[in-house]
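The values are calculated or read from the model by the stated rules, or taken from the named source; none is laboratory data. All figures in this text were calculated on a predicted structure; none of them were measured in a lab. All Cβ positions, glycine included, derive from the backbone under ideal geometry; neighbour counts span all protein chains shown.
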Amino acid sequence: MKFRTCVSGLALMAGLSTGAAVASEWTLEKAAEPYAGTVVDVVFLLRPGYEAAEAMLPEFEAKTGIKVNIVKSPYENALGQQVRDFVANGDFDIALIDLVWIGNFVENEWVVPVSKFTSNPDLADPALDMDDFFPLVLDAFGGWDGEIYGLPFDNYSGLLFYNERMLKDAGFDGPPKTWTELKDVYGPALTKDGKYAFALQSKRNETQSADSFARVLWPFGGSFLDENFRSNLLSEQSQAGLKFRQDLMQYMPEGIVSYDHAETVNAFAQGDVAMITEWSAFYATLTDPETSSIVDDLKIAPEPMGPAGRKPALGGFSLAVASQADENEQAAAWLFIQWVTSKANAKEYLDRGGVPARQSVYELPGVAEEFAFVPALVESWQDGVPEFRPRFAEWPEITEIVQEWGTKIMLGEVSTEEGAKILGERMEAVLEEAGYYSGDKPLAQ
Amino acid sequence: MPAKTSRLTLFGFLAPAVIALAVIGVGPLLYAFYTSLHFFNLTKLKKIRFLGFDNYSSVLTDPVFWEAMGRTFTMLIIALPLQIFIGLGIALILNRPGLGFWRVLTRLSLVLPMATTYAVVGLLGQVMFNLKFGVVNQLIGFIGIGPVNWIGDPTNAFTVIVFWDVWQWTPFVALVLLAGLTTVPGEVEEAAELETKNWWTILRYVQLPFLIPGLVAVLILRTADTLKLFDMVFTLTRGGPGSATELISLMIQRVGFRAFDQGVASAQAIILLIITIILAQIYIKVFYKEV
């Protein structure tokens, strides 16, 4: 027994030392050698996080000989562009997945689980450290049904950006802690002389669904669906949230239903609006003197809390290897994804305007002081809801319904009850057709 | 007497055009009809199944479809008469003798709106009609009118897309009608002017018969253009706010490429095609008479 234990111990040590030797030997250059000259195609959005990655790209290409071909696209076109490409077995080797597209991409088998690559010692960087990703972000952005498909790349949480000077001038020492306080106390005090207390981007596209409609559901205890996947929009809590938004509109600029991110961030950046709840990704825009006149007055806090807690907006993108790519392209694509989301590159990505999902980078000395959004972001990622917007394959159809009726509610064309009723009926019709009520599909969102 | 042309030669000359039309026009149309008979969602290709005319019945009973159709025809009914009325006025002015250089300059400037890409017109509108920074609000501010929420208000947004369409396509109508006016024989016009000084009588009985072919062409082309108007509205309002500017083409695009339901979108497109063909036939039967 003693002998066997001893042998086992030696074997374990040998194994560990071999593993350590492999780990120490693994380099990106060596891993990429067989794939030099491979071209991988990927869609990038026109946002700061993508510009940051693009600026870092020459280093990757020089080290690996792999060429990353970026196809730039505005957000609104990115899903359609990728769906058409994947349906036609086209060129994209990497899928850029918004968290609400993950169910769709996985169900259609357009993406490959990361385990295919993490289990391959030739391709898996021993320093990959999946546990270093914020668990909520990794799960929500890249995971579906217990499997990880994508690594978090462009990561957002909703934050409260506020103009400290405007708040001080109105007699406030800090930002509102709750949504009710924002409306009832800050709203009247800050809406005057052509300035507005708050702007909630609500344009009829994904902005209406994600940034406006969902944002007022969750903190008030509401949700899109109940546990049986029936509409929960007529519940007392959901209605409270939707009615709150209607009340809050009096403190927002006229025509807020036509405000997208650009208009909202711009109104705040020009000092016309005192507070906005926007994605962390806009930090770079708001701290750039060329695009913002309130750089010195900019402060950031977590989103206000509702009766059900903070439950801030959660959004972001993962990168996943496309199943339509051939083996070489898949390997090259994985090496790029692994590299651009790595712990080692997280600080540079952050410095260049991206928002990494690596916990370790936010623990580095000086980061919290240098990037004012960090404490609020880290706090938000502890308290987010993965299904802030349902992530199932039917979301593209449902978001269209939410966009239409959410806007009609805001415009007062229908009441919150009428709008929620029609929206719920249409949402349930989509889910019925998909097979959730007949038991053909599991109730996963 | 010319030699008889062989069938092969005729076919040789016709074939490229026929083949191109078949590949570009007829093929996709047949495929659209095929998809319209199926459950055909790009993100659920494993579930494709034959539905018969179910997509058509669901489209025809969908109030959202008819609301979008109503909006499109409202736009047509407002914009087209305005374009014809203003276009005819411009054509009549340009047809007057003695304008010289100004006629050339005006004709050139009339081409500019038409030469501007639809999408660019929409993007220009976004900037010009911006509530806070737009030049339109600045201009009306000079005459004491406060800023108007052009794009964020449902009624105003619809007015803006009508205005933009009239701005872009009135010159086209003017040029077509001007071409029609130039075909009126000079001696006929001179004789009419000796008979009456009433411009309306001359327009109605002398010039209008020569304008009918152009007017029918304008009616058909502008109706078809309005029914498929997409780019300008998409870039300007994206169909919003709410559904205020969601014309039928935007709705089809939304269903087909944002919800990815190609089956229903194809059924909508084919119903739209049928309506367009019926309207074109009505125009030809009611208005068109050989001069």
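Sort out which residues of the range B:1-60 are part of a strand (DSSP E or B) and β-branched (Val, Ile, Thr), and write them in order of number.
none
Of A:Leu138, A:Leu123, which residue is buried (at least 19 other Cβ atoms within 10 Å of the Cβ), away from chain B (no Cβ under 14 Å) and within 18 Å of the chain's Cα centre (by Cα)?
Selected residue: A:Leu138, the only one of A:Leu138, A:Leu123 that is buried (at least 19 other Cβ atoms within 10 Å of the Cβ), away from chain B (no Cβ under 14 Å) and within 18 Å of the chain's Cα centre (by Cα).
I'd like the residue in the range A:389-435 that is outside any helix (DSSP H, G or I) and within 26 Å of the chain's Cα centre (by Cα) and, out of all such residues, is nearest to the other protein chains (Cβ to nearest Cβ).
Going through the qualifying residues, I end up with A:Ala393.
Considering each of B:Ile202, B:Ile252, B:Ile277 in turn, give the residue that is within 22 Å of B:Leu123 (Cβ to Cβ), free of Cβ contacts under 8 Å to residues at least 40 places away in the same chain and more than 10 Å from chain A (Cβ to nearest Cβ).
B:Ile252
Scan A:Ile97, A:Ile66 and give me the residue that is away from chain B (no Cβ under 14 Å) and modelled with pLDDT of 95 or more.
Sole residue among the options that is away from chain B (no Cβ under 14 Å) and modelled with pLDDT of 95 or more: A:Ile66.
Looking at A:Tyr162, is it crowded, with 24+ Cβ neighbours inside 10 Å and in the same structural domain as A:Leu96 (by TED's automatic domain parsing)?
Answer is no for this residue.
Can you find even one residue in the range B:21-32 that is without any contact (Cβ under 8 Å) to a residue 40 or more places away in the chain, in contact with a helix residue (DSSP H, G or I) (Cβ under 9 Å, 6 or more places away or on another chain) and of a type in the set (Ser, Thr, Tyr)?
yes
Just for the range A:187-208: of the residues that are more than 19 Å from A:Ile294 (Cα to Cα) and more than 14 Å from chain B (Cβ to nearest Cβ), which one is surrounded by the fewest Cβ atoms within 10 Å (Cβ to Cβ)?
Among them, the one singled out is A:Pro188.
Just a yes or no: is a residue in the range B:257-268 away from chain A (no Cβ under 14 Å), under 17 Å from B:Leu80 (Cβ atoms), in contact (Cβ under 8 Å) with a residue 40 or more places away in the chain and out of contact with any strand residue (DSSP E or B) (no Cβ under 6 Å at 6 or more places or on another chain)?
The answer is no, given that none of the residues of the range B:257-268 is away from chain A (no Cβ under 14 Å), under 17 Å from B:Leu80 (Cβ atoms), in contact (Cβ under 8 Å) with a residue 40 or more places away in the chain and out of contact with any strand residue (DSSP E or B) (no Cβ under 6 Å at 6 or more places or on another chain).
Which members of the range B:215-273 meet the condition of being in contact with a Pro (Cβ under 7 Å, 6 or more places away or on another chain) and among the small types (Gly, Ala, Ser)?
Those that are in contact with a Pro (Cβ under 7 Å, 6 or more places away or on another chain) and among the small types (Gly, Ala, Ser): B:Gly242, B:Ala244, B:Ala259.
Based on this model, can you work out whether A:Leu298 counts as farther than 22 Å from A:Glu181 by Cβ, touching a helix residue (DSSP H, G or I) at 6+ places or on another chain (Cβ under 6 Å) and hydrophobic (A, V, I, L, M, F, W, C)?
So A:Leu298 fails the test.
Applying the selection to the range A:341-361, what residues are more than 16 Å from the chain's Cα centre (by Cα) and surrounded by fewer than 23 Cβ atoms within 10 Å (Cβ to Cβ)?
Correct list: A:Ser342, A:Lys343, A:Ala344, A:Asn345, A:Lys347, A:Glu348, A:Asp351, A:Arg352, A:Ser360, A:Val361.
What about B:Ile220, is it out of contact with any strand residue (DSSP E or B) (no Cβ under 7 Å at 6 or more places or on another chain) and closer than 30 Å to A:Asp272 by Cα?
No.
Looking at the range A:170-186, which of the residues that are over 27 Å from the mean Cα position of the chain (by Cα) and of a type in the set (A, V, I, L, M) is nearest to the other protein chains (Cβ to nearest Cβ)?
A:Ala170
Just a yes or no: is a residue in the range B:169-183 without any contact (Cβ under 8 Å) to a residue 24 or more places away in the chain and in a helix (DSSP H, G or I)?
Within the range B:169-183, not a single residue is without any contact (Cβ under 8 Å) to a residue 24 or more places away in the chain and in a helix (DSSP H, G or I).
Answer yes or no as to whether A:Ala281 is in contact with a helix residue (DSSP H, G or I) (Cβ under 9 Å, 6 or more places away or on another chain), in the same structural domain as A:Arg389 (by TED's automatic domain parsing) and surrounded by 24 or more Cβ atoms within 10 Å (Cβ to Cβ).
Taking the combined requirement at face value, the residue satisfies it.
Quickly run through the range A:323-354 and pick out the residues that are free of Cβ contacts under 8 Å to residues at least 24 places away in the same chain and not in a helix (DSSP H, G or I).
A:Asp326
Tell me which residues, restricted to the range A:369-388, are in a loop (DSSP other than H, G, I, E, B) and of a type outside the set (Gly, Ala, Ser).
A:Phe371, A:Phe373, A:Trp381, A:Gln382, A:Asp383, A:Val385, A:Pro386, A:Glu387, A:Phe388
For B:Ala79, work out the one condition from (1) within 14 Å of another protein chain (Cβ to nearest Cβ); (2) closer than 27 Å to B:Pro209 by Cβ it doesn't fulfil.
For B:Ala79, the failing item is (1).
With the range A:222-305 as the region, which helices (runs of 4 or more DSSP H) entirely inside it contain at least 3 residues that are in contact (Cβ under 8 Å) with a residue 24 or more places away in the chain and within 29 Å of A:Arg426 (Cα to Cα)?
Filter on the range A:222-305 gives A:236-248.
Looking at the range B:137-158, which of its residues are in a helix (DSSP H, G or I) and within 14 Å of chain A (Cβ to nearest Cβ)?
Residues satisfying the conditions are B:Asn137, B:Gly141, B:Pro154, B:Thr155, B:Asn156, B:Ala157, B:Phe158.
Which condition does A:Ala320 not pass, out of (1) more than 22 Å from A:Leu160 (Cα to Cα); (2) assigned to a helix (DSSP H, G or I); (3) of a type outside the set (S, T, N, Q), if it passes all the others?
A:Ala320 satisfies every listed condition except (2).
Look at the range A:198-223 and say how many of its residues are of a type in the set (Val, Ile, Thr) and in contact with a Lys or Arg (Cβ under 7 Å, 6 or more places away or on another chain).
1
With respect to A:Met305, is the statement that it is away from chain B (no Cβ under 14 Å), surrounded by 24 or more Cβ atoms within 10 Å (Cβ to Cβ) and within 25 Å of A:Gly384 (Cβ to Cβ) true?
no
Kindly indicate whether A:Leu128 is within 19 Å of A:Ala210 (Cβ to Cβ), among the aliphatic types (A, V, I, L, M) and surrounded by fewer than 21 Cβ atoms within 10 Å (Cβ to Cβ).
no
Any residue at all in the range B:82-96 that's basic (Lys, Arg), at pLDDT below 95 and assigned to a loop (DSSP other than H, G, I, E, B)?
Yes, the range B:82-96 contains at least one residue that is basic (Lys, Arg), at pLDDT below 95 and assigned to a loop (DSSP other than H, G, I, E, B).
Every residue in the range B:205-243 that is within 21 Å of B:Gln126 (Cβ to Cβ), away from chain A (no Cβ under 14 Å) and among the polar types (S, T, N, Q), please.
If the condition is that a residue be within 21 Å of B:Gln126 (Cβ to Cβ), away from chain A (no Cβ under 14 Å) and among the polar types (S, T, N, Q), then B:Thr226 is the only one that fits.
Do you know which of the residues in the range B:45-69 that are within 27 Å of A:Phe392 (Cα to Cα) and in contact (Cβ under 8 Å) with a residue 60 or more places away in the chain is nearest to the other protein chains (Cβ to nearest Cβ)?
By that ranking, first place goes to B:Val64.
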